[in-house]
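Undergrad: Sending over a structure as structure tokens; questions will come in a sec.
The values are calculated or read from the model by the stated rules, or taken from the named source; none is laboratory data. Predicted model only: the values in this text are computed from it and were never measured. Counting neighbours? That spans all protein chains shown, and the Cβs are built from the backbone with ideal geometry, glycine included. Keep in mind that these areas ignore ligands, DNA and RNA; they rest on the heavy atoms of the full protein, side chains included. Shrake-Rupley method; radii C 1.70, N 1.55, O 1.52, S 1.80 Å.
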Amino acid sequence: MNYTAEEKTLLTRVQRDIPLVPDPVSALARDTGLPVKRAADILARMKHEGVIRNISGIFNAASLGYVSSLVAFSLADADVDRAASLISSHPGVSHNYLRDHHYNLWFTLAVEGQGLFEKTVASLAAAARAREFLVLRNEKLFKLGVRFSLDGTGDDRASENGTAETAPSGGLSPDEKEAVRLLQADLPLLERPFIRIIEERKGRLDEALLLATGNALKQRGVLRRYSAVLRHRKAGYRANAMTAWKPESVEQLERAAALMKNEPSVSHLYARTVYPGKWEYPLFAMVHASDENELSELVSRFSRETGIKDYLSLKSLKEYKKERVAYFSDRFNEWNTGEMT
């Protein structure tokens, strides 16, 4: 898809971070040098055309008291669609894909507490008739951020780095939990959008308290950012693969991670759990490209430059679900007290 210079500038900007202020569209217009009406029209059209998937808060699950992980099931072909539908119905599942591997159904799951997480995975595996499954925890985070640069500024290089996420001591106050609930709503493109969100979601915070609480959560790292997520294919990135790498040493893994972290084509980069004799590919990198040829060339180049010869390029055969988890939603209680418990 061809975009104007104004559209590229604005689409790149809204992926980075949107100010939590009463009129965020006006703030974005000032930041990008666009008239307010022009910025609002571009955003409305991009949402209507499906380029912008949604605009809302992106939270650190562990800081909210949630345990999250990538999970892979090995399923018989005849069971895949039924199992995928069951798994996608869980409110803590954000991504769910069919991939070309013995472990063929891959999903991310977030629930409150380690005990409930393990129970939920076991329940899903039994109901899905999984032959085997892996819980691939985030042991170390090198890069996180799906930000596609359309204006050449390199914003897609932005990342969040660190070790595995851990929950902070204490917890969230009732007002903070309410702010999380409200800031997960898709931003309406109005002059005072947060008032509309509060009204529609029957929120018990007023606009000023919601924004103040949201900004405080951002300062603490609980709210990673408030931003737009694009549909990568509509943004011009039509090919992607989840790659998994088997380095020969910890030192080679660290060198490879340092190299891939600076690659604009890599959005997610983690060290994940290893299961000797069962799964021995600790380094995960999500790679995006404009087409399949470019994708293949990128992955081959990473292999040459890192020296890692043993790797997997797991392309998505089918997307079953892709949406943000609605933390503190009543749907979790409904699920936990339903048939799967």
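Undergrad: If you take the residues in the stretch 63-75 that are among the aliphatic types (A, V, I, L, M) and either more than 19 Å from H95 (Cα to Cα) or more than 14 Å from the chain's Cα centre (by Cα) (or both), which one is most open to solvent (accessible area, probe 1.4 Å)? Let's see the steps before the verdict.
TA: From the stretch 63-75, those among the aliphatic types (A, V, I, L, M) are 64, 67, 70-72, 75; that's our starting set.
Narrowing the set further to residues that are either more than 19 Å from H95 (Cα to Cα) or more than 14 Å from the chain's Cα centre (by Cα) (or both) leaves 64, 67, 71-72, 75.
Numbers: L64: 11, V67: 30, V71: 0, A72: 0, L75: 1 Å².
The qualifying residue most open to solvent (accessible area, probe 1.4 Å) is V67.
Each row is one residue, and each column tells you yes or no for (1) farther than 30 Å from M286 by Cα; (2) within 21 Å of the chain's Cα centre (by Cα); (3) open to solvent by less than 50 Å² (accessible area, probe 1.4 Å); (4) at pLDDT below 95.
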site: S149; (1), (2), (3), (4): no, yes, yes, yes
site: R157; (1), (2), (3), (4): no, yes, no, yes
site: T166; (1), (2), (3), (4): no, yes, no, yes
site: V180; (1), (2), (3), (4): no, yes, yes, no
site: P193; (1), (2), (3), (4): yes, no, yes, no
site: R196; (1), (2), (3), (4): yes, no, no, no
site: A208; (1), (2), (3), (4): yes, no, no, no
site: G221; (1), (2), (3), (4): no, yes, yes, yes
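Undergrad: Does any residue in the stretch 1-25 that is aliphatic (A, V, I, L, M) come within less than 6 Å, Cβ to Cβ, of a residue that is surrounded by 17 or more Cβ atoms within 10 Å (Cβ to Cβ) and modelled with pLDDT under 90 six or more places away or on a different chain, and which pairs are these?
TA: L11/L150
Undergrad: Please pick out the residue among L34, L43 that is buried (at least 22 other Cβ atoms within 10 Å of the Cβ) and modelled with pLDDT of 95 or more. Can you show your working first?
TA: Numbers: L34 fails: buried (at least 22 other Cβ atoms within 10 Å of the Cβ).
Testing whether each residue is buried (at least 22 other Cβ atoms within 10 Å of the Cβ) and modelled with pLDDT of 95 or more leaves just L43.
Undergrad: Does D81 qualify as being within 25 Å of A326 (Cβ to Cβ), modelled with pLDDT of 95 or more, open to solvent by 50 Å² or more (accessible area, probe 1.4 Å) and not hydrophobic (A, V, I, L, M, F, W, C)?
TA: yes
Undergrad: Which of the residues that make up the stretch 265-283 are in contact with a Pro (Cβ under 6 Å, 6 or more places away or on another chain) and either open to solvent by less than 20 Å² (accessible area, probe 1.4 Å) or under 15 Å from S303 (Cα atoms) (or both)?
TA: A271
Undergrad: Being more than 20 Å from D77 (Cα to Cα) and either in contact with a Lys or Arg (Cβ under 6 Å, 6 or more places away or on another chain) or assigned to a strand (DSSP E or B) (or both) is the filter here; which residues of the stretch 94-134 pass it?
TA: Result: S94, T108, L109, A110, V111, E112.
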